[in-house]
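Structure, as structure tokens:
Derivation of every value follows stated rules applied to the coordinates shown; laboratory data play no part. Everything numeric in this text was worked out from a predicted model, so none of it was measured. Positions of Cβ are generated from backbone atoms using ideal geometry, with glycine treated the same way; all protein chains shown enter the neighbour counts.
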Amino acid sequence: MDALELLIADHNRVRGLFTRFQAAEGSNDGEAARLAATIFEELEVHTKIEEEVFYPAVSSLNDEIHDLVTEGIEEHHVVDSLMAEAKELEPSDEAWAAKLKVLIENVEHHAGEEEEELFPLVRKALDDKARSDLGERLESMKASLGAPTAADKAHLSTEELNRLAREQEIPGRSSMKREELVATVAPSS
Ligand SMILES: [Fe+2]
Ligand SMILES: [Fe+2]
């Protein structure tokens, strides 16, 4: 699939986890801690496929892209540090909640910047075939990291996809085409 669609699907899956985390925090702290662990796993896979496959593939396309990629790597670094620090704390520690809050703000900013600035430039610089080949490379790296790929969810019925998207608080789900839902939902909630 198109590399940009794959990365946007990852972003929306994580945005859904953020919504659920914020709803659980304070009232159901066991659930909040479980969701935080899922958020960390998702971010680790996503930043890895971007840093090892996507960013190197697009960085030299033009100067503007190069600058945004350089900034993106630094933003990943901030998120990595916050995750490492949060993992050293107990969820009952007030610093844990503060680190999660700042982490969410940083990821929202970074994902928004990728979608609004970086990805449109890449869409212009790479044709459909190149974006789709790059998407295949991202998918195969995901598979090698043990993360679910779109192929793992392709068998799900439309009804099942809609149910998962609703449970997972996927933003924009009601206007998504089937293939976007397939790429976005996690296989189970
Ligand atoms: Fe990124
Ligand atoms: Fe991203």
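Do you know which residues across region 14-37 are under 11 Å from the mean Cα position of the chain (by Cα) and either hydroxyl-bearing (S, T, Y) or more than 14 Å from L100 (Cβ to Cβ) (or both)?
R15, G16
Could you tell me whether L161 is surrounded by 15 or more Cβ atoms within 10 Å (Cβ to Cβ) and either part of a helix (DSSP H, G or I) or among the polar types (S, T, N, Q) (or both)? Break it down stepwise before answering.
Numbers: surrounded by 15 or more Cβ atoms within 10 Å (Cβ to Cβ): yes; either part of a helix (DSSP H, G or I) or among the polar types (S, T, N, Q) (or both): yes.
Against the criterion (surrounded by 15 or more Cβ atoms within 10 Å (Cβ to Cβ) and either part of a helix (DSSP H, G or I) or among the polar types (S, T, N, Q) (or both)), L161 qualifies.
On the basis of being away from ligand 1 (no atom under 12 Å from the Cβ), touching a helix residue (DSSP H, G or I) at 6+ places or on another chain (Cβ under 6 Å) and outside any helix (DSSP H, G or I), does M1 make the cut? Outline the logic, then answer.
Working: away from ligand 1 (no atom under 12 Å from the Cβ): yes; touching a helix residue (DSSP H, G or I) at 6+ places or on another chain (Cβ under 6 Å): yes; outside any helix (DSSP H, G or I): yes.
For M1, the condition - away from ligand 1 (no atom under 12 Å from the Cβ), touching a helix residue (DSSP H, G or I) at 6+ places or on another chain (Cβ under 6 Å) and outside any helix (DSSP H, G or I) - is met.
Inspect region 140-152 for any residue being assigned to a loop (DSSP other than H, G, I, E, B) and over 17 Å from the mean Cα position of the chain (by Cα) and give the result as yes or no.
Of region 140-152, the ones assigned to a loop (DSSP other than H, G, I, E, B) are 145-149.
So of that shortlist, the ones also over 17 Å from the mean Cα position of the chain (by Cα) come out as none.
For region 140-152, residues assigned to a loop (DSSP other than H, G, I, E, B) and over 17 Å from the mean Cα position of the chain (by Cα): absent.
Tell me which residues, restricted to region 69-79, are away from ligand 2 (no atom under 13 Å from the Cβ) and out of contact with any helix residue (DSSP H, G or I) (no Cβ under 7 Å at 6 or more places or on another chain).
Here is the first cut: in region 69-79, the residues away from ligand 2 (no atom under 13 Å from the Cβ) are 70, 74, 77-78.
If the condition is that a residue be away from ligand 2 (no atom under 13 Å from the Cβ) and out of contact with any helix residue (DSSP H, G or I) (no Cβ under 7 Å at 6 or more places or on another chain), then T70, E74, H77 are the ones that fit.
For region 18-37, which residues satisfy the criterion of being within 16 Å of V185 (Cα to Cα), away from ligand 1 (no atom under 16 Å from the Cβ), of a type outside the set (K, R) and in contact (Cβ under 8 Å) with a residue 40 or more places away in the chain?
Listed by number, the list holds a single entry, T19.
Looking only at region 107-132, count every residue that is surrounded by fewer than 14 Cβ atoms within 10 Å (Cβ to Cβ) and either without any contact (Cβ under 8 Å) to a residue 40 or more places away in the chain or within 16 Å of ligand 2 (Cβ to nearest atom) (or both) and tell me the total.
Residues of region 107-132 surrounded by fewer than 14 Cβ atoms within 10 Å (Cβ to Cβ): 109, 112, 116, 120, 124, 127-129.
Now drop any that are not either without any contact (Cβ under 8 Å) to a residue 40 or more places away in the chain or within 16 Å of ligand 2 (Cβ to nearest atom) (or both), which leaves 109, 112, 116, 120, 124, 127, 129.
Number of matching residues: 7.
If you take the residues of region 10-68 that are acidic (D, E) and away from ligand 2 (no atom under 16 Å from the Cβ), which of them is farthest from P120 (Cα to Cα)? Quick ask: steps written out before the conclusion?
Taking region 10-68 as the starting set, the residues that turn out to be acidic (D, E) are 10, 25, 29, 31, 41-42, 44, 50-52, 63-64, 67.
Filter once more, so that each one left must be away from ligand 2 (no atom under 16 Å from the Cβ): 25, 29, 31, 63-64, 67.
Details: E25: 35, D29: 39, E31: 36, D63: 14, E64: 11, D67: 14 Å.
Among those residues, the one meeting the criterion is D29.
For region 52-70, enumerate the residues that are farther than 16 Å from L7 by Cβ and free of Cβ contacts under 8 Å to residues at least 24 places away in the same chain. Before the answer, list the steps.
Filtering region 52-70 down to residues farther than 16 Å from L7 by Cβ leaves 60, 62-64, 66-67, 70.
Within region 52-70, S60, D63, H66, D67, T70 qualify.
Going through region 90-113 one residue at a time, which ones are under 17 Å from P171 (Cα atoms) and either in contact with a strand residue (DSSP E or B) (Cβ under 9 Å, 6 or more places away or on another chain) or more than 14 Å from ligand 1 (Cβ to nearest atom) (or both)?
Listed by number, the residues that qualify are I104, E105.
Output the number of residues of region 1-56 satisfying the condition of being more than 19 Å from L145 (Cα to Cα) and aromatic (F, W, Y).
Residues meeting the conditions: 2.
Checking the conditions here, which among L43, L7, L61 is crowded, with 21+ Cβ neighbours inside 10 Å and either under 19 Å from E113 (Cα atoms) or within 16 Å of ligand 1 (Cβ to nearest atom) (or both)? Break it down into steps so the answer makes sense when it comes.
Values: L43 fails: crowded, with 21+ Cβ neighbours inside 10 Å; L61 fails: crowded, with 21+ Cβ neighbours inside 10 Å.
After ruling out the rest, the residue left standing is L7.
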